[in-house]
Each structure stands twice: as C-alpha cells, then as structure tokens.
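Here's the structure we're looking at; comments come further down.
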Amino acid sequence: MEKLQCKEFVKGFALCKGNSKMFRAFRLEIEEIKNSFFLFSLLTWVPLVSFILAISIFHQGVARNLPISIVDNDRSNLSRQIIMQIKANPSLHVSQIFQDSKQAAKNIKEGQTYATVYIPNHFERDVLQKKQPLISAFVNTQYLLIGKMINSALSTTISQSSAKIDFVSNLKTNGQQETALNATAPIKTQITPFFNTYQNYFLFLVSAILPTILQILVVVSIILSFGKSFKEKKQNVFFKKGNILAPLIGKTLPYTIVYFTWGVVYLLYMYGVEPWEFQGSFALVFFAMFLMILAYQGVGLSFFTLNFHTTRALSLAALYTAPAFAFLGITFPASSMPEFAFFWHNILPVSHYLKLQISQASYGSSALDMLPLLINLLYFLPLWVFVYFKIWRVL
Amino acid sequence: MSFFEVLKFEFKNIFTNIPIVLTIIGGVLLYSFFYPQPYANEIVKTLKISVVDLDKSELSKKLIFSLNATPQLNIVRQDTSPNNAKNALIEGKVRGIVIIPAHFKRDVSLHVSPTIAIGADANYFLIYGSVVEGAIKSILTQSANIKVSNLLVKNTPLSAAKKQYTSYSLQTINLFNPNMSYTHYVVPAVFILILQQTMLVGLGILGGFYNERKEKYDVPIWMKLSSRVLIFGTLFFTHMLFYLGFVFEFFSLPHLASAYDIIKFGTPFLLSTIFLGTFFGGLLKNQESATPIVLLTSIPLIFSAGFIWPKEAIPEWITYLSLFFPSTPAMQGFLKLNQMGAEFNGVLVQYGILWLQVVLYLLLSIYVLKRNEYIHLPQK
C-alpha cells in the first residue's frame, strides 16, 4: 500500500524507489505539520509577514523630508536665500524657524527635529566684507544614519550656495563665465558609487535582513519539529537503529524545500521585481542558499540533540541567531571587528552566504572565486554526523 | 493558599525551570557583553584604496601624497587602468578607487577644471562613506591650495587670498554622539529591547508551563499577578539598573538622565512588559512556543522604532502597530532622556503610551488568567 502511494506521488522518480524509507519519513512529517498550527505557520504565513514587514519599513529607500529647524539671526536677503535653498533640498524639511537657539536645542533634545541650522548675526555683511562667516549646523548624531544623511544634505546645499556667490563675484572680476567657474572649483570631483548606484538603503539593508529572518525560521522550525516528535515519543516511528540517515533526510526535507522556496522567492523579488541589478549566476546563489539552510539545520539539530530538550535548545538558538544581524559585516565592516566578534561573524553561515549573494548580485564573480565561500558553508555539514550519532545513541 | 505561599510557588516554578533561568539571568548577562562586541573597535580601520594616475605629473603626485596622508585612507596599489582598479575592488583587495585623469596638470593650469573620479563599493555603506569622505577632504584641500595660488598670481596678498577661496562655509557640530560612534548609536536602544524580549520569553515559558500542567491552580488572580510583578519586577529592575548603570559605564556610553528619571520612566516600562508577558504566556499552549514568537518580533521591532531608520520614512501602519509593544516608546524615551539629555517633559508622550499599555495589558492578563482557570477545571 505504502509503496503504491509512493509511486503515485512521484511517478518514475528514482529517489522514491530506492529510498522509500526516506519518503515515508517525509510523508509522516507532512502529516505532523498538518496537525500543528504552529509548525504550519512557521512555514507559511510567518515568513510572508516577516518579509513584508521588513520590506515595508525600508521600501522608501531614500529618506525624504527629515525635519530640521533654522535659527536665523541675520534676517537678511542672503540668509533668506539660503533658507530657500535648504528648503529646496528634498532630503530636508524645515519644520520651524526660530529666533531663539535655546528653543531649537530643546526641539532636538525632544526629538521633534534632527538638526538646527544657525545663521549668525551680520552674516550678509560679513560675506560682503569677505570675512568668510560660518553657518553652523547642530546635528543629532545619536541617530547616526539620520545624522549622516542630514550632514551630507546640508553640506551639499551650503557649498553649492556658497559656490554660487563665489561664481558671481568671480564673474565680476574676471568677466568670463568659463574662468569664473574654474576659479570657483579648480578641481572637480565625481563620486561613483559602485554597485548600489542609487545609494539606496532598501537594497543595502533588506538584502541582508531577509536572510537573517530566514536563518531564525530554519533553526527554530527544525528544533520544534524534532522536539515535537521526541516529546510525543514518536522517535521510534521515524527512526530505527541502523536506519537513521534516510528518515533523517526525509524528516527535514519538507523544511528544506519550503525555506529554500522562500529564499528563491525573496531573491527573485529583490532582483526581479525590484529594479536592482544582478550580474552573476542565480544558480550559484540558490546553491549557496541550499547549503546555508543545511548548515543551519545542522546547527539547530545539534542544539536539540545536546540533551533532547526543546525549550533549552530554543534558548541556545535564540542566543545564536538573534544577534546575527550586527555580526554580518554589512552595517559595520567585519574587518574592523575585534577578534571575538570576527570569530562569531565566521561561525554564522549567513555571513558567508551573504558575501556570496552580494558578490553575485554586484560583481558577477566567477564560480571559482566563490569556491572559498561555498567551502566555508560546507564546514558546517559535519554537524549532521554529530546529530546522526546522538540520535543513534538515544534509540 | 496565602499570598506568601503563592509567591513561593511561583518563585519555585520560575527558578527551577532551566530555560527560564537561562533566559532571564544567563541571557541578560551574556547579551550585555555580547551585543556591543562588533563595534568594540569603534572606528572603521584605515581603508585600502587604489589610485589610477593617468597624468603622472608633479601635481598628481602631490595629490596622491596628500591622499595617502589622510587618516582614513591608505594607498596600497597604483593601477595602470581604471579597469584593473575595479577588478582589485571586486576581489576585495581595495575598498575604493581614485582616478586622476590624463592632462590633469595641464587642465588645472589652463583653468579647465579637470574631474577626479572617486569610486567605492556602495554595498557597504560605512566603508563607502569613509572612502568618499576621506578622498573628498583631501582633494578639496588641494583644490583650495590651487585657488589660493591662482589668486596669488593675480597679486592678491596671501592673507586675503587664503580667505577668499570661499564666501562662507558650513561648520557641523555633532550633538550627543560627537564621534559618530556605532556603539552609542545602536547599543543603548538594543539594551532596552533585550530587557523586554528576555522578560517576554521568561513569562511566556512560565505561562506555557502552567497551561501544559493542566492542573487546577485555584488562587485569586491578584495573587498570581502581584507575585509575578514582585519577582520579575525586582529582577528586571536590577537588570535595568545594571544595564543602564554598570554596563553603560563599562562601555563608556553617555548617560545624562538622573537615576530618579530613569526609575520613573522605567516603572511603566517594566510593568507593561510584565503584564504583556503574562497575557502572552496565558495564550500559549506549551513552553516551546514562547522563544520562537518573541525571537521573530525582534527584527521588526528594532528597525521600526525610528532610531535606525527615520520614522518619517516608515509607513504609518507599522509605526502604529509597533506602539503596542513597550519597547518602542521605551527605546524612544530612554534615548531622549539618557542619551540626548531631554527634560522629563520631553518624554511625556512616550510615558503616557507606556501607562496606557500597563492598563491594557493588565486587563488582558486578568482576562486570560480567568479564562485559563476554566480551561483547567476537570471536565465533567
């Protein structure tokens, strides 16, 4: 009966004929998932909702209208002109103009504005007298990223506005537009952001956050699946001494397939639906994704088989997967981390996977160049041997 | 059972449960050391760059020298073509490229502004920013020098020439985190989230444990609740002071708020988390579900709180949703009080939200504990 169903399910599939023990475990696990709302959720709507949340938070990609205030102590034509220019910068939103700098400072402390621009007394007069007055910007860098965005928006605006004045005064003395322009800036710079051409935070952060979410799901679901079977004393239904490998693969296979599919879905979304360039080979990234999932399953099962206690294994899993994002080397470069953090960076499969994903998306590096990263992921697979023997011992 | 007996019973169930202890004591202590680790070196190290000098003039050599003298940058190779340099970037040998065009010197002396190209890998924003910032600073200095010498040629006195190179400029003063430290940016807020998440896991496992037992535990609800408030409140009050006091001191993080303000603001934070945890635990059928659920909320909670990514850029429905968790107003409020030195008046909104949460989750936890009593009654 069993064999018949097997044939019906995957007609002519060699895998099924040779390894019906594996297929049996696979089918049993599907039943388990059907009966557990929690496991079912972790495979279906939970990844969907998590992905949608992460994507929605960053979907705007570039920050616009960051509220700042201006303290204008000069109230001259020039200061009004500068205020107009700041207002025209799409990254900034001048929410208030104060007469009093104390009020502006209070506003920043309370988080209503992120910065205040201070135009001093006699500003216009000092410019005309070539005294080179300073405009001050007080920027809240507690919110580092926001602070950096405001910094660069303000310095671009002010240097452009200053260059305009320079240009006009040079035009007066030189008379020629070309030379006047050149006197303003003898050397020009052109900045080329390679690979993330739009300097978009969405691409930068979400392409790292989604695999981070995926690793949590992979580890947690595999622990819960095995935990459930062992708690319900079903280990002997799945495993028999001397017959562990096939059912082990069969039992984990539904999770491998589903999370691999989620991985493919997010990759296709990021580089297919969204406009980001992808230079390299999708096959290679899919392969690395597959290895990463196996690696994390190995880790999760090792946590579980340490003492076959689900909740304890989950505590370990939390410790291992929860801080992962900080150690990825995306926001803060791995090469600048101290030794321990760099070590932790390396024992997270997602670090190696992500390097491969980025280099395939951006550089289109050859498969040969990717070999070291793939080998790094393979290093996690011996954990499965540990798991095999631990299960063998408790049967 | 008297109140004291209930307290003892709860205490025993909490501290004999290894995963709970592992989380609410082990986890809290471990994370305090663990989380700041990646940023411990604080500043991004010197970045290797490649220079492509297509001019090979005196002026271009001068520029290369001044680039190399920039603290952020270290020229490790000179490539003959932009393509070679880009390959070195892809292979990770360098982090950035500076290209000096051919006829650079000639163009400068002919007053045709030549363009220097700076390139860096924008996949890694922090590296990208450092390369661009370092290179631009050094090029601007060179550019200013040229401007001064041009003015000198026109017989302007040196002091006047130096002053004239720009009409006015911007001076930036970084507030609250003057060195742009990553530790100061991330760690204070993450600590608040850790306090909430470990408490929710602990109370979640405890709730799951009672629901698994399916034994009648027939004592007045106020006793159950107040014993949890006492046990978790005392423990996490200590944790909070340990984090915001000792650990902040250890990592030399600024802490501007007075102890009184911290305690005043921390009280509704701890209470709302205890009641949310009790409500959450009451809903769980078993102990295993607690950790995964809490774990999966961490990433959305940290990124939607408005300090990593500006709240102006986050969809409103996510912002409103996140306000149902104590960590969101708590992170915002603690950052303002402790990192930015706001007066207590400046956090009244967050303080109010936290007290609203206390009321909401108190009612919900009373409801769920009452409901569970009936579930546990032996069915006839």
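Only the coordinates and a few stated rules stand behind these numbers; no lab work does. Since we're looking at a predicted model, the values are computed, not measured. A quick note on method: Cβ atoms are made from the backbone with ideal geometry, for glycine too, and the neighbour counts reach across all protein chains shown.
Here are some notes:
- Residue check for B:Lys214: within 20 Å of B:Leu323 (Cα to Cα) and charged (D, E, K, R): no
- Candidate set from region A:125-151 (those that are part of a loop (DSSP other than H, G, I, E, B) and more than 7 Å from chain B (Cβ to nearest Cβ)); member that is surrounded by the fewest Cβ atoms within 10 Å (Cβ to Cβ): A:Gln129
- A:Gly263 passes every criterion in (1) without any contact (Cβ under 8 Å) to a residue 60 or more places away in the chain; (2) surrounded by fewer than 19 Cβ atoms within 10 Å (Cβ to Cβ); (3) part of a helix (DSSP H, G or I) apart from (2).
- Within region B:118-135, the residues that satisfy the criterion of being of a type outside the set (Ser, Thr, Tyr) and at the interface with chain A (Cβ under 8 Å from one of its Cβ atoms) are B:Ile118, B:Gly119, B:Ala120, B:Asp121, B:Ala122, B:Asn123, B:Phe125, B:Leu126, B:Ile127, B:Gly129, B:Val132, B:Ala135.
- Helices (runs of 4 or more DSSP H) contained entirely in region B:42-111, each with at least 1 residues that are of a type in the set (Asp, Glu): B:58-69, B:104-109
- Of the residues B:Lys336, B:Lys370, the single one that is touching a helix residue (DSSP H, G or I) at 6+ places or on another chain (Cβ under 8 Å) and more than 9 Å from chain A (Cβ to nearest Cβ) is B:Lys370.
- Within region A:121-142, the set of residues being within 30 Å of B:His184 (Cβ to Cβ) and among the aromatic types (Phe, Trp, Tyr) comprises A:Phe138 only.
- Long-range neighbours under 7 Å by Cβ, at least six apart or interchain, first residue touching a residue at least 12 places away in the same chain (Cβ under 8 Å) within region A:52-74, second surrounded by 17 or more Cβ atoms within 10 Å (Cβ to Cβ) and of a type in the set (D, E, K, R): A:Asp74/A:Glu124
- Scan of region B:305-329 for residues that are more than 24 Å from A:Ile150 (Cα to Cα), of a type in the set (A, V, I, L, M, F, W, C) and crowded, with 21+ Cβ neighbours inside 10 Å, ordered by number: B:Phe325
- Residue list for region A:203-234, restricted to those being hydroxyl-bearing (Ser, Thr, Tyr) and either over 14 Å from A:Leu39 (Cβ atoms) or more than 10 Å from chain B (Cβ to nearest Cβ) (or both): A:Ser207, A:Thr212, A:Ser225, A:Ser229
- Top-ranked residue in region A:277-326 [being of a type outside the set (A, V, I, L, M, F, W, C) and within 17 Å of A:Phe380 (Cβ to Cβ); ranked as nearest to the chain's Cα centre (by Cα)]: A:Thr321
- Any chance B:Leu29 is under 26 Å from the mean Cα position of the chain (by Cα) and surrounded by fewer than 16 Cβ atoms within 10 Å (Cβ to Cβ): yes
- Test: residue in region A:314-323 that is surrounded by fewer than 19 Cβ atoms within 10 Å (Cβ to Cβ), of a type outside the set (D, E, K, R) and within 13 Å of another protein chain (Cβ to nearest Cβ): yes
- Candidates A:Glu29, A:Glu124, A:Glu110 - the one that is within 31 Å of the chain's Cα centre (by Cα) and among the acidic types (Asp, Glu): A:Glu110
- Long-range neighbours under 7 Å by Cβ, at least six apart or interchain, first residue closer than 23 Å to A:Arg64 by Cβ within region B:314-327, second outside any helix (DSSP H, G or I): B:Ile314/B:Gly306; B:Ser322/B:Ala305
- Scope region B:272-309; condition touching a residue at least 40 places away in the same chain (Cβ under 8 Å) and either out of contact with any helix residue (DSSP H, G or I) (no Cβ under 8 Å at 6 or more places or on another chain) or over 23 Å from B:Asn211 (Cα atoms) (or both); matching residues: B:Ser298, B:Leu301, B:Ile302, B:Ala305, B:Phe307, B:Ile308
- Some residue of region A:385-394 being crowded, with 19+ Cβ neighbours inside 10 Å and farther than 26 Å from B:Tyr35 by Cα: yes
- Every residue from region B:44-77 that is free of Cβ contacts under 8 Å to residues at least 60 places away in the same chain and aliphatic (A, V, I, L, M): B:Val51, B:Val52, B:Leu54, B:Leu59, B:Ile64, B:Ile75, B:Val76
- Some residue of region B:269-281 being more than 27 Å from A:Glu110 (Cα to Cα), among the small types (Gly, Ala, Ser) and buried (at least 24 other Cβ atoms within 10 Å of the Cβ): yes
- Selection count, region B:291-309, where residues are under 30 Å from A:Gly227 (Cα atoms), of a type in the set (Ser, Thr, Tyr) and either within 7 Å of another protein chain (Cβ to nearest Cβ) or assigned to a loop (DSSP other than H, G, I, E, B) (or both): 2
- The set of residues from region B:35-69 being buried (at least 21 other Cβ atoms within 10 Å of the Cβ) and among the β-branched types (Val, Ile, Thr) comprises B:Ile49, B:Val51, B:Val52.
- Looking across region A:284-313, the residues that are farther than 25 Å from B:Tyr35 by Cα and away from every other protein chain (no Cβ under 14 Å) come down to A:Leu284, A:Val285, A:Phe286, A:Phe287, A:Ala288, A:Met289, A:Phe290, A:Leu291, A:Leu294, A:Thr305.
- Evaluation of A:Lys87 against the conditions (1) under 21 Å from A:Ser76 (Cα atoms); (2) touching a residue at least 24 places away in the same chain (Cβ under 8 Å) shows that the sole unmet condition is (2).
- Scope region B:310-331; condition facing chain A (nearest Cβ under 7 Å) and either part of a helix (DSSP H, G or I) or out of contact with any helix residue (DSSP H, G or I) (no Cβ under 8 Å at 6 or more places or on another chain) (or both); matching residues: B:Glu312, B:Ala313, B:Ile318
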